[in-house]
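Notes follow once the structure below has been shown.
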Amino acid sequence: NKKVLEVEDLRISFDTYAGEVQAIRGISFDVKEGEVVAIVGESGSGKSVTSQGIMKLLPTPPARYKSGAIRLEGKDITGYNRKQMEKLKGSKMAMIFQDPMTSLNPTMKVGRQIAEGLKKHTNLSKDKIHSRVIELLTMVGIPDPDDRANRYPHEFSGGMRQRVMIAIALACEPKLLIADEPTTALDVTIQAQILKLMDKLNEETGTSIILITHDLGVVAKMADRIIVMYAGKPVETGNKHDIFYNPKHPYTWGLLGALPRVDTDKKEPLKSISGTPPDLISPPKGCAFANRCEHAMEVCLEHDPAMQEYGEGHTAACWLHHPNAKEYLDQIMEKH
Ligand code: SF4
Ligand code: MG
C-alpha cells in the first residue's frame, strides 16, 4: 500500500515563561492508504500536539518545530506556510475535532458550510454542488437531508453536528482524515454510532484516518495500528492483537486496566494509573514513566529505554523485556 503520510522524528516545543516545554520529543510513523492509525495516550502525552502539528494548526510562536519531517503523498510539507496549508486542508487532508460547535459557523446554514469546501477546491457547478451536499448528508446518516441542509447548527443534536463535521471534512474526498477525540463530547450510544460511521467511510472511500483518543476502548474496533504515547514519545506501537493481547509496556498495561470490562455485569470501578506525567520542561533522563511504574528498576532511572521490536510492527520502549537491560544494570552498579 502507498504511504499517504510519513512523519519522521517530529519534535515540537512550546516556549513558556517557565522554560521550553518539549511537548513532542521525537515521533515517527506512517499512514498507508486506507489505514486507520490510532494515537492513544492521556492528556499531555502529546497526541493532540502531534495531530495539530501535522495540520500546522499550532501558532508559531509559542510552538516551535525543532526537527523532523512531514510528508504527504511523498511531498515534504514540513515548511509549508499558512496559505499552502489552506490549499491542502479540505482537499488532501481534513480534521474533525472533539467539539463541532467550535468549528461550525453558527450563523451559516449547514448545507452552505458543506458547500464551501467544494466551491473552494472543485470546479463543480451550483447544481452539482447541491447534489453533492445532499449526497454527503445522506452518507453520514442525516435523515431528511434536503430539509436539514437549510438548517443552522444549533438545530442539530451533538451527534448530528459531529456528522455534519464529518460531511464537511469528507466533502472533497481527502486522502487523510485526522479525528481528534471525535466522540469524547458525545454520550456512549452516539459515540458508537459516530465510530461506526467513520469505520464505514474508511471502508467505502478508502480515506486513511488518524484517530486521536485517550480511550483504548474506542480504538479496539477500528484501528489497524495503534501508537501509545507517553510524555511526548511513543512507548509502544503495534496492531490490535499486539496491544490488546500481548502488550509489553507497563503504561499500556495501565491504559488497558482502565478499560471498562465488557465481559462481566459487575460494575467494578475503573482503575486509573496513579501519579502524574513528568514535567516536560526538564524531562527525566531515564524512562519517563519510571515515577509511576510498579516495575521500575535502577536502570530505568538512569537510561531512557530505546524502542525494541517484539514482532513485525510491534515495538515497545521498556527495560523490562530488553535483552540488554542486565548489561546496563551491571554497568551502572559498577559505577556506584
Ligand atoms: Fe517501567 Fe522501567 Fe519499563 Fe519504564 S523502562 S516502563 S520504568 S519497567
Ligand atoms: Mg478499516
Name the cysteines of the chain that stand alone by the Cβ rule: no other cysteine Cβ under 4.7 angstrom.
Cys172, Cys293, Cys318
Sorted peptide list for 273-284, 137-148, criterion being average Cβ within 10 angstrom, highest first
137-148, 273-284
Please state the charge dipole magnitude for the range 93-173, taken about the Cα centre, from unit charges on C-beta atoms (+1 on K and R, -1 on D and E), reported in debye and rounded to the nearest 20.
220 debye
Gyration tensor (Cα) of the range 93-173, equivalent ellipsoid semi-axes in angstrom
18, 14, 11
Taking the simple approach of a point 7 Å from Cα along Cα-to-Cβ for both Tyr310 and Ile281, what is their distance in nm?
3.5 nm
What order, most packed first, do the peptides 162-173, 76-87 have when packing is the mean number of other Cβ atoms within 10 Å of each residue?
162-173, 76-87
Checking the table Lys200/Lys233; Lys47/Lys83; Lys66/Lys120; Lys120/Lys221 against a 28 Å threshold on Cα-Cα, which pairs fail?
Lys200/Lys233; Lys66/Lys120; Lys120/Lys221
Ranked packing of 67-75, 49-57, 206-214, most packed first, by mean Cβ within 10 Å
206-214, 49-57, 67-75
Interchain or sequence-distant (5+) residues whose placed amide H lies within less than 5 Å of the amide H of Val235 are Val228, Met229, Tyr230
Percent of beta bridges antiparallel (DSSP, the chain, rounded to nearest 5)
60 percent
Compute, for the range 118-232, the length of the dipole vector about the Cα centre, with Cβ point charges of +1 (Lys, Arg) and -1 (Asp, Glu) only. Units Debye, rounded to 20.
340 debye
Can you give the three extents of the C-alpha atoms in the chain along their principal axes, from longest to shortest, in whole Å?
77, 52, 42
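Values quoted throughout were computed directly from the atomic coordinates according to the rules given, and no laboratory measurement underlies them. Source: prediction; values computed, not measured. Neighbour counts run over all protein chains shown; Cβ positions are idealised from the backbone, glycine included.
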